[in-house]
Amino acid sequence: MTVGGLDHFVNGSRPFPVEPGGNRGWDTVPVDAAPWSAGAATGIGSLPGTDPLEAARVVLGELPDLPHLPELPARGVGADLLGRTAALLVDLPVEVVPSGYRTAAHPGRDHRRAVDLLRRDLDAFEEAADGRAPEVVKVQAAGPWTLTAGVELARGHRVLTDRGALREFAESLTEGLARHVAEVAKRTGARVLVQLDEPSLPAVLRGLLPTPSKLGTVAAVPGPDARALLQSVIEGVGADVVVHCCAPRPPITLLREAGAKAVAFDVAVLDPQLWDEVGEAWEERTALWLGVTPSVDPGHPVELREVARPALDLVDRLGFPRSVLGAHAVPTPACGLAGATAAWARRALALTRDAGRAFVEPPEGW
């Protein structure tokens, strides 16, 4: 972040409106119509292990205000981000080849396996809730750019390199997500929130994806084109959408302008040059989901203040009152917990939950 940008937030106009007599309370006004409650916390998606019922019980127990449908990639093909999202596609089957996922002419074993795993996850979540469904449930899927960057066409090129295929995948993903949202809502009785994971989007925008030959890179996608496609998916799923990108340079402004209800990122790796975009997002009343809890056991006892520190430091750098966290932020783990031990995954979710509550009611001495 430039010195001038920092001056804008610290020494220039305040990042919230005031009236004679003081602050109008901008920092305590929640994001318009946010489906989650103040003080809520959530997970990014993945957990260790292979038992969907146990995973659902952990999530529902540790994150009662904003639980998510767990992802268990340790189960193998079809349980990872791309395979799980491919299971949602309508009339676009995908199969596994040595290089990864590729479009297929007809649904095969890989497609059926992914669909079956997702169905089992829903069954397990419904059983774990045991008639006590939360008010909001989050589901996750790859966003259109990460999906089309990770799936190949028959000739081996990435789907996103073909305009027609790109459009078809985006439309299929939108329809599949809308059906998924309706199914989850029907089975849980909860309002459904969708998280689109876009870890590949920064590489798409910068033209860093290698071609099949590995001798070149795929042409960069212009920002307006990337935003328009993402916006079409966000507007079509029939639910509020959060977009998650744990890269050091998540395109925060692009995601916000595409219609995301919130933008999720890892605070620890965030490029300081993006601090201006963080401040602008809060000025525009966009919620930020702050990845603060380590995704793997750091090897030493971790207390709540250590978890919350990255968020507190970010707010302080930008000159916002810390109370903005209670109204405009949701804490999460830094990224997915698939690489953690079962013990740390549970501890990480508990710490994240406590951080959310501390954002609203800071402990004495903070």
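Restricting the search to segment 312-346, which residues are within 20 Å of the chain's Cα centre (by Cα) and over 26 Å from residue 273 (Cα atoms)?
337, 338, 339, 340, 345, 346
Can you find a residue that is touching a strand residue (DSSP E or B) at 6+ places or on another chain (Cβ under 6 Å), modelled with pLDDT of 95 or more and crowded, with 24+ Cβ neighbours inside 10 Å anywhere in segment 45-55?
For segment 45-55, residues touching a strand residue (DSSP E or B) at 6+ places or on another chain (Cβ under 6 Å), modelled with pLDDT of 95 or more and crowded, with 24+ Cβ neighbours inside 10 Å: present.
Could you list, in sequence order, the residues of segment 164-173 that are surrounded by fewer than 17 Cβ atoms within 10 Å (Cβ to Cβ) and not basic (Lys, Arg)?
164
If we keep just the residues of segment 308-322 that are touching a Pro at 6+ places or on another chain (Cβ under 8 Å) and crowded, with 19+ Cβ neighbours inside 10 Å, which is nearest to residue 244 (Cα to Cα)?
Per the criteria, the residue is 311.
Show the residue pairs meeting these rules: Cβ distance below 8 Å; 6+ apart or different chains; first residue within segment 288-304 and touching a residue at least 40 places away in the same chain (Cβ under 8 Å) and surrounded by fewer than 21 Cβ atoms within 10 Å (Cβ to Cβ); second residue aromatic (Phe, Trp, Tyr) and outside any loop (DSSP other than H, G, I, E, B).
Qualifying pairs under 8 Å: 296/344; 297/344.
For segment 328-366, which residues satisfy the criterion of being assigned to a helix (DSSP H, G or I) and either aliphatic (A, V, I, L, M) or touching a Phe, Trp or Tyr at 6+ places or on another chain (Cβ under 6 Å) (or both)?
The answer is 328, 342, 343, 345, 348, 349, 350, 351, 355, 358, 360.
Restricting the search to segment 205-220, which residues are assigned to a loop (DSSP other than H, G, I, E, B) and in contact with a Lys or Arg (Cβ under 9 Å, 6 or more places away or on another chain)?
209, 211, 212, 218, 220
Scan segment 86-141 residue by residue and report those that are surrounded by fewer than 22 Cβ atoms within 10 Å (Cβ to Cβ) and among the polar types (S, T, N, Q).
Within segment 86-141, 99, 103 qualify.
Of 73, 15, 35, 20, which residue is modelled with pLDDT under 95, of a type outside the set (S, T, N, Q) and in contact with a strand residue (DSSP E or B) (Cβ under 6 Å, 6 or more places away or on another chain)?
35
Among 219, 264, 226, which is the only one that is touching a Phe, Trp or Tyr at 6+ places or on another chain (Cβ under 7 Å) and more than 20 Å from residue 327 (Cβ to Cβ)?
Selected residue: 226, the only one of 219, 264, 226 that is touching a Phe, Trp or Tyr at 6+ places or on another chain (Cβ under 7 Å) and more than 20 Å from residue 327 (Cβ to Cβ).
Would you mind finding the one in 193, 230, 274 that is buried (at least 22 other Cβ atoms within 10 Å of the Cβ), in contact (Cβ under 8 Å) with a residue 60 or more places away in the chain and not in a strand (DSSP E or B)?
Among 193, 230, 274, only 230 is buried (at least 22 other Cβ atoms within 10 Å of the Cβ), in contact (Cβ under 8 Å) with a residue 60 or more places away in the chain and not in a strand (DSSP E or B).
Counting only residues that are of a type outside the set (A, V, I, L, M) and not in a loop (DSSP other than H, G, I, E, B), which one in segment 282-297 is farthest from residue 40 (Cα to Cα)?
283
Please go through segment 316-366 and pick out each residue that is within 25 Å of residue 81 (Cα to Cα) and aromatic (Phe, Trp, Tyr).
344, the sole residue that qualifies.
Does residue 325 satisfy being at negative phi, assigned to a loop (DSSP other than H, G, I, E, B) and buried (at least 24 other Cβ atoms within 10 Å of the Cβ)?
In short, no.
Test residue 188 against the stated conditions and say whether it is at pLDDT 95 or above and hydroxyl-bearing (Ser, Thr, Tyr).
Against the criterion (at pLDDT 95 or above and hydroxyl-bearing (Ser, Thr, Tyr)), residue 188 does not qualify.
Can you find even one residue in segment 174-188 that is surrounded by fewer than 22 Cβ atoms within 10 Å (Cβ to Cβ) and not in a helix (DSSP H, G or I)?
no
Among the residues of segment 89-107, how many are within 28 Å of residue 186 (Cα to Cα) and free of Cβ contacts under 8 Å to residues at least 40 places away in the same chain?
2
For segment 284-302, what are the residues that are at pLDDT below 95 and acidic (Asp, Glu)?
Answer for segment 284-302, where residues must be at pLDDT below 95 and acidic (Asp, Glu): just 284.
Looking only at residues in segment 255-271 that are of a type in the set (A, V, I, L, M) and crowded, with 23+ Cβ neighbours inside 10 Å, which one is nearest to the chain's Cα centre (by Cα)?
Among those residues, the one meeting the criterion is 264.
So which residues in segment 108-134 are out of contact with any strand residue (DSSP E or B) (no Cβ under 6 Å at 6 or more places or on another chain), free of Cβ contacts under 8 Å to residues at least 40 places away in the same chain and among the small types (Gly, Ala, Ser), if there are any at all?
114, 131
How about segment 96-125: which of its residues are acidic (Asp, Glu) and either assigned to a loop (DSSP other than H, G, I, E, B) or at pLDDT 95 or above (or both)?
116, 121, 123 - these are the residues of segment 96-125 that are acidic (Asp, Glu) and either assigned to a loop (DSSP other than H, G, I, E, B) or at pLDDT 95 or above (or both).
The values are calculated or read from the model by the stated rules, or taken from the named source; none is laboratory data. This one's a predicted model, so the numbers in the text were calculated from it and none came from an experiment. When we count neighbours, we look across all protein chains shown, and the Cβ atoms used for this are built from the backbone with ideal geometry, even at glycine.
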